[in-house]
């Protein structure tokens, strides 16, 4: 008779491999740490936790989409950039940054999509970039392609924002002081709802 049992060891191997693949260099701040919640980035650096099966699902799902688009050969995939002590990897660099996003929202462009693209434009010293959004909900327009242009004033503001947030995070990590970092508010506060650090962060106080 066929015996089927839970392969706990294999599960742990996959989760361990995910943890190792997501390990950021400790020396420099990454763009991905600055786009969303600085407090979450702080916890990930100071008090790292092993990834969950849910995070493994997000990783595999996102990685599959990114690889499929990158394999089309539009430009340089996962192009490494660094400036102001901040490093990152652009989904595709074809003279200017091209960023991919997937969402279950039927409409709208979240501000953090624009923020991340703006940061990459700052790091590559480009005045514009492209944003490609895949909408996963049935009935929604499946693909949207946008050219996002930044004025000189925009570039100055995003450069100041990038360096400010990078320095703030680095200072908080160095001092071990979470209170130096702002809590999320407005449209970004959705990340707090399912955050595993919510209690110790004090998001409810």
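The values are calculated or read from the model by the stated rules, or taken from the named source; none is laboratory data. Only a predicted model underlies this, so the values are computations on that prediction, with no experimental measurement involved. Using ideal geometry, Cβ is built from the backbone for each residue, glycine included, and neighbour counts are taken over all protein chains shown.
Table: residues versus (1) farther than 25 Å from residue 149 by Cβ; (2) surrounded by 17 or more Cβ atoms within 10 Å (Cβ to Cβ); (3) modelled with pLDDT of 90 or more; (4) touching a strand residue (DSSP E or B) at 6+ places or on another chain (Cβ under 6 Å).
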site	(1), (2), (3), (4)
25	yes, no, no, no
31	no, yes, yes, yes
43	yes, yes, yes, no
120	no, yes, yes, yes
Residues in segment 82-108 that are modelled with pLDDT of 90 or more and part of a strand (DSSP E or B) total 17
Looking at this structure, is residue 79 outside any loop (DSSP other than H, G, I, E, B), out of contact with any helix residue (DSSP H, G or I) (no Cβ under 8 Å at 6 or more places or on another chain), at pLDDT 80 or above and more than 18 Å from residue 134 (Cβ to Cβ)? yes
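So which of 140, 79 ends up being more than 25 Å from residue 28 (Cβ to Cβ) and touching a residue at least 12 places away in the same chain (Cβ under 8 Å)?
Details: 79 fails: more than 25 Å from residue 28 (Cβ to Cβ).
Matching residue, one of 140, 79: 140.
Please work out if residue 146 is free of Cβ contacts under 8 Å to residues at least 40 places away in the same chain and in a strand (DSSP E or B).
Details: free of Cβ contacts under 8 Å to residues at least 40 places away in the same chain: yes; in a strand (DSSP E or B): yes.
Here the answer is yes, as residue 146 does meet what is asked.
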Considering every residue within segment 48-59, establish whether at least one is surrounded by 12 or more Cβ atoms within 10 Å (Cβ to Cβ), over 21 Å from residue 192 (Cβ atoms), touching a helix residue (DSSP H, G or I) at 6+ places or on another chain (Cβ under 6 Å) and modelled with pLDDT of 80 or more. no
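Each row is one residue, and each column tells you yes or no for (1) under 27 Å from residue 123 (Cβ atoms); (2) assigned to a helix (DSSP H, G or I); (3) without any contact (Cβ under 8 Å) to a residue 40 or more places away in the chain.
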position	(1), (2), (3)
4	no, no, yes
39	yes, yes, no
55	yes, yes, yes
58	yes, yes, yes
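Do we find that residue 111 is touching a helix residue (DSSP H, G or I) at 6+ places or on another chain (Cβ under 7 Å), over 26 Å from residue 52 (Cβ atoms) and at pLDDT below 95 in this structure? Please lay out each step first, then the result.
On the way: touching a helix residue (DSSP H, G or I) at 6+ places or on another chain (Cβ under 7 Å): yes; over 26 Å from residue 52 (Cβ atoms): yes; at pLDDT below 95: yes.
In short, yes.
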Which ones in segment 150-205 are over 20 Å from the mean Cα position of the chain (by Cα), surrounded by 15 or more Cβ atoms within 10 Å (Cβ to Cβ) and part of a loop (DSSP other than H, G, I, E, B)? 150, 203
Can you go through 18, 69, 10 and tell me which one is more than 21 Å from residue 201 (Cβ to Cβ), touching a helix residue (DSSP H, G or I) at 6+ places or on another chain (Cβ under 6 Å) and in a helix (DSSP H, G or I)? 18
Checked segment 41-53 for anything over 21 Å from residue 175 (Cα atoms) and assigned to a loop (DSSP other than H, G, I, E, B); matches are 50, 51, 52
Give just the number: which of (1) touching a strand residue (DSSP E or B) at 6+ places or on another chain (Cβ under 9 Å); (2) crowded, with 17+ Cβ neighbours inside 10 Å; (3) modelled with pLDDT of 80 or more does residue 70 not satisfy? (3)
